[in-house]
Amino acid sequence: MKILFIDIHTDSKDKSKILNEDPIFSANYVQDVAIATEKIQLYEYDCIIFQYQQFDDKAKNLLKEIHKKINDTGLVILSEELSVADKVQLLNTGADDCLSIPYDPEELKARILAIIRRKKFNT
């Protein structure tokens with residue numbers, strides 16, 4: 001399963017590495033907004049993981065770009081600053097799941113698989 005892990009504010013390659021250690025995932029890690037936008041436009045992913053620390057203009061614009069592109073692609077939002085209101089807003093605007101940081105990598109993998117399973121059976 002092809003995963004795009006976008007983290008525009010921090011260096012969390014170690015967090016996305018857990019996905020590459022599992023043979024069912026093929027994860028690409030991106031830290032730059034322009035590269036993330038290009039990859040979203042050029043390639044199809046089973047799931048996009050978007051991690052941010054602050055919901056600034058860069059994060060908002062990238063999220064808009066993701067929403068334009070995704071149809072049967074899952075979207076998981078990861079952030080340290082997720083209130084219940086934030087989660088509700090993100091879920092209502094197209095995210096499939098939201099997790100607060102810190103998170104358990106096994107839980108993240110299980111949520112990704114559940115999203116992909118739902119998306120594939122609905123198409």
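FYI, it's all coordinate maths here, none of it is from the lab. Owing to the predicted nature of the structure, the values given are computational and were not obtained by experimental measurement. When we count neighbours, we look across all protein chains shown, and the Cβ atoms used for this are built from the backbone with ideal geometry, even at glycine.
Overall form of the chain: rounded. Here a/c, set by the Cα gyration tensor axes a ≥ b ≥ c, is under 1.5. With each label modelled as a point 7 angstrom along the Cα→C-beta vector, the residue 120-residue 44 pair spans 1.3 nm. This model, with +1 at the C-beta of Lys and Arg and -1 at the C-beta of Asp and Glu, gives region 1-99 a dipole about its Cα centre of some 200 debye.
Peptides 78-89, 25-36, ordered by how many other C-beta atoms sit within 10 Å of their residues on average, highest first, read 25-36, 78-89. Note on the chain: helix-only mean residue ellipticity at 222 nm, from DSSP H runs of 4+ residues weighted -39500 (n - 2.57) and normalised by residue number, equals -15000 deg cm²/dmol. Taking 7 Å steps out from each Cα toward its Cβ at residue 85 and residue 110 produces label points 3.1 nm apart.
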